[in-house]
1. On the basis of being small (Gly, Ala, Ser), modelled with pLDDT of 95 or more and not in a strand (DSSP E or B), does Ala160 make the cut?
2. Can you find even one residue in the stretch 13-27 that is modelled with pLDDT under 95, over 18 Å from Lys144 (Cβ atoms) and of a type in the set (Asp, Glu)?
3. I'd like to verify a number: residues in the stretch 92-106 that are in a strand (DSSP E or B), open to solvent by 60 Å² or more (accessible area, probe 1.4 Å) and either of a type in the set (Lys, Arg) or closer than 21 Å to Ser162 by Cα (or both), how many?
4. Within the stretch 121-142, how many residues turn out to be open to solvent by less than 10 Å² (accessible area, probe 1.4 Å) and either within 29 Å of Ile46 (Cβ to Cβ) or not hydrophobic (A, V, I, L, M, F, W, C) (or both)?
5. Output the qualifying pairs, or none if there are none: Cβ atoms under 9 angstrom, residues six or more apart or on different chains, first residue in the stretch 88-106 and within 16 Å of Glu127 (Cα to Cα), second residue of a type in the set (S, T, N, Q) and open to solvent by 40 Å² or more (accessible area, probe 1.4 Å).
Amino acid sequence: MSRQGGSTGSGSGTSRVRSSGRELVKEFTPSATGKPVKVFPFVERIGLEELLSVRGRAVVRLPLEPNVNHVGGMYAGALCTLAEAPGGSLFLSAFDIKRFYPIVGELCVRYVAPATTSVLVEGLMREEEIERVTAELESTGKSKWEIEQELVDETGKVVATSTATYFGLSR
């Protein structure tokens, strides 16, 4: 089952259709090979993997190990990092990073269920939103947008949801 989700912002409505948790897990199985994210040492240490990064869509996975907490589930801070990561991938795939950079303004994570497997998140930004942000960056040197996501375990079960506000700024 598909639903609307992803990025929103000033003057924007719903975004492109997001994969359901089960569809996402079917597309990116636990054995799917990801590219280790090595931009920041902390992110590398927790094992974050980029499975897909194309204009308007990013899929990132975080393994359970080494992110296990005191009760055997995934550490909440690791899930926060996972929730934040697609925003950077989306920005890198859609905007001129020589002229502009993204920064997180706010991140809200709602924990739904313990994560006892690796966790996937899909970040989306529809083309109209990319065009709006591009126009604002070009004209004012700054822009703001929001991304809503679901974090799902290996069975497709939602373990957390997140809303992140990002800013694009001139270098």
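1. On the way: small (Gly, Ala, Ser): yes; modelled with pLDDT of 95 or more: yes; not in a strand (DSSP E or B): no.
In short, no.
2. Yes, the stretch 13-27 contains a residue that is modelled with pLDDT under 95, over 18 Å from Lys144 (Cβ atoms) and of a type in the set (Asp, Glu).
3. In the first step, residues of the stretch 92-106 are kept if they are in a strand (DSSP E or B); the result is 100-106.
Imposing the further condition that a residue be open to solvent by 60 Å² or more (accessible area, probe 1.4 Å) reduces the set to 101, 103, 106.
Imposing the further condition that a residue be either of a type in the set (Lys, Arg) or closer than 21 Å to Ser162 by Cα (or both) reduces the set to 103, 106.
The total comes to 2.
4. Of all residues in the stretch 121-142, those open to solvent by less than 10 Å² (accessible area, probe 1.4 Å) come to 121-125, 129-130, 133, 137.
Checking which are either within 29 Å of Ile46 (Cβ to Cβ) or not hydrophobic (A, V, I, L, M, F, W, C) (or both) leaves us with 121-125, 129-130, 133.
Of the residues in the stretch 121-142, 8 are open to solvent by less than 10 Å² (accessible area, probe 1.4 Å) and either within 29 Å of Ile46 (Cβ to Cβ) or not hydrophobic (A, V, I, L, M, F, W, C) (or both).
5. Short answer, once both residue conditions are applied: Ser89/Ser53; Leu90/Ser53; Leu92/Ser53; Ser93/Ser53; Ala94/Thr134; Phe95/Thr134; Asp96/Thr134.
Yes/no matrix, rows are residues, columns are (1) of a type in the set (Ser, Thr, Tyr); (2) in a strand (DSSP E or B); (3) surrounded by fewer than 19 Cβ atoms within 10 Å (Cβ to Cβ):
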| residue | (1), (2), (3) |
| --- | --- |
| Thr33 | yes, no, yes |
| Arg45 | no, no, yes |
| Arg61 | no, yes, no |
| Leu64 | no, no, no |
| Gly72 | no, no, yes |
| Leu82 | no, no, no |
| Pro86 | no, no, no |
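The values are calculated or read from the model by the stated rules, or taken from the named source; none is laboratory data. Worth saying up front: this structure is predicted, and the values here are computed from it rather than measured. Every residue, glycine as well, gets a Cβ built from its backbone with ideal geometry; the counts of neighbours run over all protein chains shown. For accessibility, only protein heavy atoms count, side chains too; no ligands or nucleic acids. Shrake-Rupley method; radii C 1.70, N 1.55, O 1.52, S 1.80 Å.
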